[in-house]
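Okay, so here's the structure we're looking at.
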Amino acid sequence: MTTDMTKEGMSAPLGATLTDGGVNFSVFSKNAALVELLLFDDRNAAQPTRIIPLAPHRNRTYHYWHIFVPDLKPGQIYAYRAQGPFAPERGLRFDGKKLLLDPYGLAIAFPEGYDRKAASRPGDNTAAAMKSVVADPGRYDWKGDLPLKRPFAETVIYEMHVRGFTSHPSSGVAPAKRGTYAGLIEKIPYLQDLGVTAVELLPVFQFDPQDAPEGRVNYWGYQPVSFFAPHRAYSSRKGPLAVLDEFRDMVKALHRAGIEIILDVVFNHTTEGGPNGPTLCFRGLANNLYYILEKDKSRYADYTGCGNTLNANQPIVRRLIQDSLRYWVTQMHVDGFRFDLASILSRDEAGRPLPNPPVLWDIESDPLLAGTKLIAEAWDAGGLYQVGSFLGDAWQEWNGRFRDDVRSFLKGDNGSVPRVATRLLGSPDIYGHEDREAEQSINFVTCHDGFTLNDLVSYNHKHNEANGENNRDGSDDNLSWNCGAEGPTDDQVIEVLRNRQVKNFFALELLAVGTPMLLMGDEVRRTQRGNNNAYCQDNDISWFDWSLLERHADIHRFVKALNAFRQRRDMVAEEGNPSLNQLLQRAEIKWHGVALNRPDWSEYSHALAFTLRSLRARFLLHAMLNAYWEPLTFELPPISTESRQCWRRCVDTALASPDDICPWEKAPLVAQTTYVVQPRSVVLLALALQATAEGVSQAR
């Protein structure tokens, strides 16, 4: 029951806001007849200690329900219930017996007996429901920390999973910290040593771990229930608010190491699923506004493959998305966001693509987000594909065509030479018309969704039986090649070939124009045993096995050296950041085949070479790519005798470590006029255009 101590409160800001003497609560619900605020003393409480009805005449302004409750402190556990019509034919799905999270809640408490199914069944689910927690985001001492704002031209992204990075016993992290933000902190020196400059974390917004097939858990996290609260299970500390500080400790530690943090965010659907899904938050407050519905409003439009689609261009949802992004930048100091199925954000309230989606312009033009990295997965599950045409001037894009064309070339497919040449140049056929920076393309060969790099060269077919769906889930189109045997093998010839192919993929990805993104563990040939959809595998199928660091030390060394080479390849202009077209013009690229100036673009060609000049004219690079199954002899560009210089072999993926990659200063000279490139290998030569090697060694 309510008391005289409560006050009307204010409609803004949304959420639970600490003020002098108490907390102001505000939540949006247009069609509710009554909203109740429930307060709890404990996350496991079966019943609230206090129920406060919000009277429409006293505690409602427009469609915002609000109240001020004195004497409440950070850590107060709370939730809502909303009474209203259950009329699916009108898009309304109120259930006054279901506990609802605050859409703007900053932290979430899980009871020990949390039960997702209880939110789908009739009746009260109080004892088994997630609950929101009052938090004070301003209490943390950042000690001067700010987002790093590193330019994309200097960025190498490492896509990783917080839990998977340190959960394996071989990580050396104490059991209490394995799979947590604190565990990741302990491994920051590894990331620094590897040479990556940004980590892209798979979803860390609170998600429902029970949104998975029976007997399994949701591991990836693409089933959000909150857009503000960090995932509680990734904290090593007890208490629902401790996760906030541990997350920020991680951000601060990464920044001190010069590493940015990018969050993979899911603003395209929620864990509430389809018509039979649980009522956890949005469905029970404003189902008809938060979600895109079909003409039959009892049905959810599904452009995500996850049962529902967030109504991103509805004004209330637009504000929610923008407020969420602002919160993570200003209060949690993250450096950027990768938007899962970002094309969803270009659909209107009927699901139709918009030429100028308001939510995307809201994000791009927000001064608080200026300089924040924005990365779009520019497609959705409804067939919308916007790679190269995603709206705006500030978005980078996952380039799925880079992945496919590089895979196809190294696999030995016919007709792939012209395509891979274009991908290595930053995909001007996709991005050249926009006159944008050269790094607009996020170049990747593997990511969380699909084979790991080891499995890409070890399996012809997916092996997802562990997911419990009879191997029906996951893509069948992987452009993979097992090199002669399906899965693990003792055949050393096959193993040598696989190792070489792994290095080939890294060489093309890290030397191509654009922003490279590496997948966690690829640098040590992490395997998922052929599973290309390990979304429900919170076990050693998905975890980083740190013993592989010793077993595949040669690959790890190769990636480290490539990252170092990339940072000193002289591709960043001294004055400003050139557009892709300007960069390609200055590079003076010349194409070759095995013969100079005679590239073979034919259907059955499997070889390519090119020479380019660095932007500052300090050296030449000459690359030779042989995806053929026999050695090929390539002619080398001639060098004038007065230059007193020779080509140096920086990379040859056919050679064993440490000869496979050498820093320029120590790279062996190549005096001959031809070079034999071994089957399925990549060679990179460099030539100084200055009188001394020191000039090139300082060219950064």
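The values are calculated or read from the model by the stated rules, or taken from the named source; none is laboratory data. Because the structure is predicted, anything quoted here is derived from the model rather than measured. Methodologically, a virtual Cβ is constructed for each residue, glycine included, from the backbone with ideal geometry; neighbour enumeration extends over all protein chains shown. Protein only, heavy atoms only, side chains kept; ligands, DNA and RNA dropped before computing areas. Shrake-Rupley method; radii C 1.70, N 1.55, O 1.52, S 1.80 Å.
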- Note on the structure: If we ask which residues in region 429-447 are open to solvent by less than 10 Å² (accessible area, probe 1.4 Å) and part of a strand (DSSP E or B), their number turns out to be 3
- Query: Can you pull out the residues in region 448-459 that are crowded, with 24+ Cβ neighbours inside 10 Å and of a type in the set (D, E, K, R)?
  - Reply: D455
- Residue hits (region 34-71; of a type in the set (V, I, T) and either closer than 22 Å to I316 by Cα or under 38 Å from the mean Cα position of the chain (by Cα) (or both)) are V35, T61, I67
- Condition met for D264 (of a type in the set (D, E), out of contact with any strand residue (DSSP E or B) (no Cβ under 6 Å at 6 or more places or on another chain) and either open to solvent by less than 20 Å² (accessible area, probe 1.4 Å) or modelled with pLDDT of 95 or more (or both)): no
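Results for (1) aromatic (F, W, Y); (2) touching a strand residue (DSSP E or B) at 6+ places or on another chain (Cβ under 6 Å), shown as yes or no for each residue.
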residue	(1), (2)
A253	no, no
N268	no, yes
Q314	no, no
F337	yes, yes
- Item | Whichever residue in region 97-127 is among the small types (G, A, S) and either at pLDDT below 95 or open to solvent by 20 Å² or more (accessible area, probe 1.4 Å) (or both) and, among such residues, is nearest to A33 (Cα to Cα) | G123
- Query: Looking at (1) exposed (fewer than 13 other Cβ atoms within 10 Å of the Cβ); (2) part of a strand (DSSP E or B), can you tell me which one A82 breaks?
  - Reply: (1)
- Item | Enumeration of residues in region 630-669 that are β-branched (V, I, T) and more than 22 Å from F506 (Cβ to Cβ) | T633, I639, T641
- Item | Pairs where the first residue, in region 190-217, is in contact (Cβ under 8 Å) with a residue 24 or more places away in the chain and the second is outside any loop (DSSP other than H, G, I, E, B) and among the polar types (S, T, N, Q), C-beta under 6 Å, 6+ apart | G195/N563
- Message: Looking only at region 267-299, filter to residues that are in a loop (DSSP other than H, G, I, E, B) and among the basic types (K, R); which one of those is surrounded by the fewest Cβ atoms within 10 Å (Cβ to Cβ)?
- Response: K295
- Task: Looking for whichever is open to solvent by less than 50 Å² (accessible area, probe 1.4 Å), under 27 Å from S475 (Cβ atoms) and not charged (D, E, K, R) here; the options are V420, V359. Which one fits?
- Result: V420
- Message: Any residue at all in region 678-685 that's modelled with pLDDT under 95 and open to solvent by less than 60 Å² (accessible area, probe 1.4 Å)?
- Response: no
- Of the residues A381, A376, which is over 17 Å from A609 (Cα atoms) and in contact with a Gly (Cβ under 8 Å, 6 or more places away or on another chain)? A381
- From the list R326, R318, which one is surrounded by fewer than 17 Cβ atoms within 10 Å (Cβ to Cβ), among the charged types (D, E, K, R) and closer than 30 Å to L244 by Cβ? R326
- Query: Pairs, please: C-beta under 8 Å, at least 6 apart or cross-chain, first residue touching a residue at least 12 places away in the same chain (Cβ under 8 Å) and in region 293-306, second among the hydroxyl-bearing types (S, T, Y) and assigned to a loop (DSSP other than H, G, I, E, B)?
  - Reply: Y300/T309; A301/T309; D302/T309; Y303/T309; C306/Y222
- Residue among G432, G450, G415 that alone is at pLDDT below 95 and not charged (D, E, K, R): G432
- Select from region 391-401 the residues that are open to solvent by 10 Å² or more (accessible area, probe 1.4 Å) and under 15 Å from W361 (Cα atoms) and list them in ascending order. L391, G392, D393, A394
- From the list A46, A33, pick out the single residue that is open to solvent by 30 Å² or more (accessible area, probe 1.4 Å) and touching a Ser or Thr at 6+ places or on another chain (Cβ under 8 Å). A46
- Candidates D413, D404 - the one that is open to solvent by 30 Å² or more (accessible area, probe 1.4 Å), among the charged types (D, E, K, R) and assigned to a loop (DSSP other than H, G, I, E, B): D413
- Message: I'm trying to understand the selection: among the residues of region 609-628, which are under 32 Å from the mean Cα position of the chain (by Cα) and over 22 Å from Q645 (Cα atoms)?
- Response: L625, N626, A627
- The one condition D208 fails out of (1) at pLDDT 95 or above; (2) over 28 Å from E469 (Cα atoms) is (2)
- Query: With G426, G484 as the choices, which residue is touching a helix residue (DSSP H, G or I) at 6+ places or on another chain (Cβ under 7 Å), open to solvent by 40 Å² or more (accessible area, probe 1.4 Å) and in a loop (DSSP other than H, G, I, E, B)?
  - Reply: G484
- Somewhere in region 460-478, is a residue open to solvent by less than 40 Å² (accessible area, probe 1.4 Å), over 30 Å from S170 (Cα atoms) and not in a loop (DSSP other than H, G, I, E, B)? no
- Message: Among the residues of region 147-168, are any in a helix (DSSP H, G or I) and open to solvent by 60 Å² or more (accessible area, probe 1.4 Å)?
- Response: yes
- R566 meets each of (1) more than 22 Å from P638 (Cα to Cα); (2) part of a loop (DSSP other than H, G, I, E, B); (3) modelled with pLDDT under 95 with one exception, condition (2)
- Task: Report the residue count in region 514-560 for those that are of a type in the set (A, V, I, L, M, F, W, C) and either open to solvent by 30 Å² or more (accessible area, probe 1.4 Å) or at pLDDT below 95 (or both).
- Result: 3
- In this structure, does N399 turn out to be over 19 Å from M520 (Cβ atoms) and of a type outside the set (V, I, T)? yes
- Message: So in region 595-635, with the set limited to residues that are part of a strand (DSSP E or B) and aromatic (F, W, Y), which one is nearest to T673 (Cα to Cα)?
- Response: F634
- Candidate set from region 169-214 (those that are charged (D, E, K, R) and assigned to a helix (DSSP H, G or I)); member that is farthest from the chain's Cα centre (by Cα): K177
- Message: Would you confirm, using the coordinates I've provided, whether S475 is over 17 Å from L424 (Cβ atoms) and touching a helix residue (DSSP H, G or I) at 6+ places or on another chain (Cβ under 9 Å)?
- Response: no
- Can you give me the number of residues within region 4-55 that are among the hydroxyl-bearing types (S, T, Y), within 14 Å of L72 (Cα to Cα) and part of a loop (DSSP other than H, G, I, E, B)? 2
